[in-house]
Amino acid sequence: MRTLTILGATGSIGASTLDLVRRNRAAFRVVALTGHGNVAVLAALAIEFGADIAVIADAARLPDLRAALAGSGIASAGGAQALIEAAQRPADVTVAAIVGCAGLAPTMAAIEQGKTVALANKEALVSAGGVMTRAVAQHGTTLLPVDSEHNAIFQCLAGNDPAHVRWITLTASGGPFRDWPAERLRHATPAEAVRHPNWSMGAKISVDSATMMNKGLEFIEAWHLFPVGADRLRILIHPQSIVHSMVEYRDGSTLAQLGPSDMRVPIASALAWPARMDTPCEPLDLAEIGTLSFRRPDEVRFPATRLAREAVLAGGAAAAVLNAANEIAVAAFLAGQIAFTRIVQCCDDVLAGALPAPPQCLGDVIAVDREARVRAHELMESAR
Ligand code: NDP
């Protein structure tokens with residue numbers, strides 16, 4: 001039996017993870033579950049899975065959480081520090097599934113415990129980069145990628161020497177607007193942007209998929225996780241989302257990982273690693289699917305991947321700045337305050353300003369993130 005903590009248990013990745021746990025009750029014991037404001041779901045999950053503790057990030061909701069858990073024997077806590085303390089509780093596996101840089105400090109706290117961290121929270125790695133990968137090495141932590149592309153690459157690299165890699169190809173569905181002409185993109189609405197053709201996900205990552213910033217963030221994530229160099233990482237549009245990514249070796253062999261568009265597959269791979277576990281996902285029926293197609297990305301209509309590549313090349317704080325600006329711009333778009341095409345424009349504008357010094361520690365990353373958010377707000381205000 002493995003002990004398990006889920007940071008961001010009330011979200012889409014949290015739900016998929018707990019669905020697997022529900023079907024494999026004998027294999028896991030839940031230590032801590034966290035949410036941000038969704039008290040009712042958090043309390044129900046904590047009771048269903050018999051968690052030791054439930055933590056709500058929004059401290060103002062703690063009285064509601066306490067009331068919902070009264071008589072259950074489950075401990076409760078609230079606020080940012082309580083999230084960190086939850087992540088420090090001993091657990092064999094911690095699933096890092098908070099959305100955005102808000103997940104960085106608890107994810108780092110889990111990494112510092114030296115056990116296994118299954119990372120979905122890509123923004124944390126994009127922002128903290130070297131600070132996080134150094135902590136992983138220093139604490140002997142096993143960092144398993146949950147993002148479907150990175151999980152695919154991780155599987156394709158198993159048993160091979162990265163020195164023999166010619167290319168790592170991240171596949172991308174292209175999102176809901178992949179065939180839209182440039183002039184129509186300006187008028188894309190939040191409701192259209194979150195309607196992803198293949199995946200069911202939280203709102204922020206769905207918008208990131210629509211702008212292709214998701215692939216940009218994944219490019220940076222891959223650059224940190226698989227150090228083959230930015231010139232060996234490329235992106236390919238694959239509308240069916242069946243091939244989750246590929247690795248081509250120097251002898252011309254390409255290994256790919258295929259599967260249904262269901263996050264329970266990569267999550268199961270991380271939860272059971274290095275073994276395997278059952279999932280309820282339908283077996284892949286390639287005869288039924290019939291055709292798998294691929295094409296090159298269009299960085300004129302979707303410049304986000306170019307920005308991400310430039311951020312990698314710029315190094316230092318650039319990726320953290322890009323991520324912060326994107327989080328602010330996506331929130332503004334979802335709130336109906338800016339046009340869809342302003343999201344990536346805002347990131348470009350913030351990156352064009354003077355970059356802060358390269359972060360050396362968690363505190364530096366958080367300071368860079370905070371400063372870039374203020375700048376993004378200012379630029380959006382002045383553009384109105
Ligand atoms: P959701 O929006 O569905 O869930 C986000 C989770 O984070 C919820 O538990 C939410 O709590 C919590 N949360 C939100 N804001 C804060 C905060 N400020 N402090 C603490 N907790 C917070 O997101 P997803 O599950 O879709 O995505 C989670 C992460 O996984 C993201 O980084 C995403 O990029 C990544 N990912 C997601 C995939 C997917 O298929 N969904 C695929 C690959 C990666 P509450 O519900 O209470 O608001």
Any chance you could look up the accessible area of Asp285 with a 1.4 Å probe, heavy atoms only, rounded to 10 Å²?
-> 80
GNM of the chain, Cα pairs under 10 angstrom: of Ile74, Ile84, Ile242, the biggest fluctuation goes to Ile74
Pull out a ≥ b ≥ c, the square roots of the eigenvalues of the alpha-carbon gyration tensor of the stretch 87-141, then state rounded if a/c is under 1.5, prolate if not and a/b is larger than b/c, and oblate in the remaining case.
-> oblate
Within the stretch 29-51, the residues whose backbone N lies under 17 Å from a label point placed 7 Å from the Cα of Ala59 along the Cα-to-Cβ direction are 35-37
Under a cut-off of 16 Å between alpha-carbon atoms, report the lysines in cross-link reach of Lys204, not counting same-chain residues fewer than 8 places apart.
-> Lys122, Lys215
What distance in nm separates the simple spin-label points at Ala27 and Ala335, each placed 7 Å from Cα in the Cβ direction?
-> 4.2
Can you tell me the order of 357-363, 245-251, 12-18 when each peptide is scored by its average per-residue count of other Cβ atoms within 10 angstrom, highest first?
-> 12-18, 245-251, 357-363
Got a sec? What order do Glu282, Glu123 fall in by accessible area at 1.4 Å, biggest, i.e. largest, first?
-> Glu282, Glu123
Net lengthening on full extension, Glu299/Ala287 (0.36 nm per residue, minus Cα-Cα) = 1.1 nm
Starting from the Cα of Ala67, step 7 Å toward the Cβ, then list every residue of the stretch 18-57 with an amide N under 13 Å from that point.
-> 39-40
How fast does the chain diffuse by Stokes-Einstein, in µm²/s, taking the Kirkwood radius from C-alpha pairs at 4 °C and 1.567 mPa s?
-> 61
Where the only charges are on Cβ atoms (+1 Lys, Arg; -1 Asp, Glu), what is the dipole of the stretch 16-71 about its Cα centre, to the nearest 20 debye?
-> 180
Given Asn198, Ala230, His164, which one lies farthest toward the positive end of the charge dipole of the stretch 161-245, if we put +1 on the Cβ of every Lys and Arg and -1 on the Cβ of every Asp and Glu?
-> Asn198
Zone of Arg276's modelled label, taken as backbone nitrogen in the stretch 142-157 under 18 Å from a point 7 Å along Cα→Cβ | 151-157
Sort Glu327, Glu288, Glu218, Glu299 by accessible area with a 1.4 Å probe, largest first.
-> Glu288, Glu299, Glu327, Glu218
Shape of the stretch 156-251, Cα gyration tensor, a/c cut at 1.5 | prolate
In whole percent, the fraction of accessible protein surface over the stretch 68-182 that belongs to carbon or sulfur atoms, probe radius 1.4 Å, stands at 51
Determine the share of the stretch 224-291's accessible area contributed by carbon and sulfur atoms, expressed in whole percent, with a 1.4 angstrom probe.
-> 50
Helix-only [θ] at 222 nm, the chain, -39500 (n - 2.57) per DSSP H run of 4+, per residue, nearest 500, equals -14000 deg cm²/dmol
Which residue fluctuates the most in the chain, going by a Gaussian network model with Cα springs under 10 Å, if the choices are Gly79, Gly71, Gly50?
-> Gly71
The correct ranking of Phe154, Phe302 by accessible area at 1.4 Å, largest first, is Phe154, Phe302
Go ahead and run the numbers for FRET between Ala80 and Ser253, Cβ-Cβ distance against an R0 of 41 Å, rounding to 0.05.
-> 0.30
Listed residues Leu157, Leu144, Leu119; largest mean-square fluctuation, Gaussian network over the chain with Cα springs below 10 Å, found at Leu157
Given the C-alpha centroids of the stretch 241-273 and the stretch 344-365, what is the distance between them in whole angstrom?
-> 32
Using unit Cβ charges (K, R positive; D, E negative) and no other charged atoms, how large, in debye to the nearest 20, is the dipole of the chain about its Cα centre?
-> 140
Net charge dipole size for the stretch 171-321 [Lys, Arg +1 and Asp, Glu -1 on Cβ; Debye, nearest 20] | 380
When ligands, DNA and RNA are left out and all protein chains stay put, how many square angstrom of accessible area per residue does the chain have with a 1.4 Å probe?
-> 41
Among the DSSP beta bridges whose two residues both lie in the chain, what percent are antiparallel, rounded to the nearest 5?
-> 30
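The values are calculated or read from the model by the stated rules, or taken from the named source; none is laboratory data. Keep in mind that this is a model prediction, so the values were computed, not measured. Quick reminder, even Gly has a Cβ in these numbers, built from the backbone with ideal geometry, and neighbours come from all protein chains shown. Accessible surface areas use protein heavy atoms only, side chains included; no ligands, DNA or RNA. Shrake-Rupley method; radii C 1.70, N 1.55, O 1.52, S 1.80 Å.
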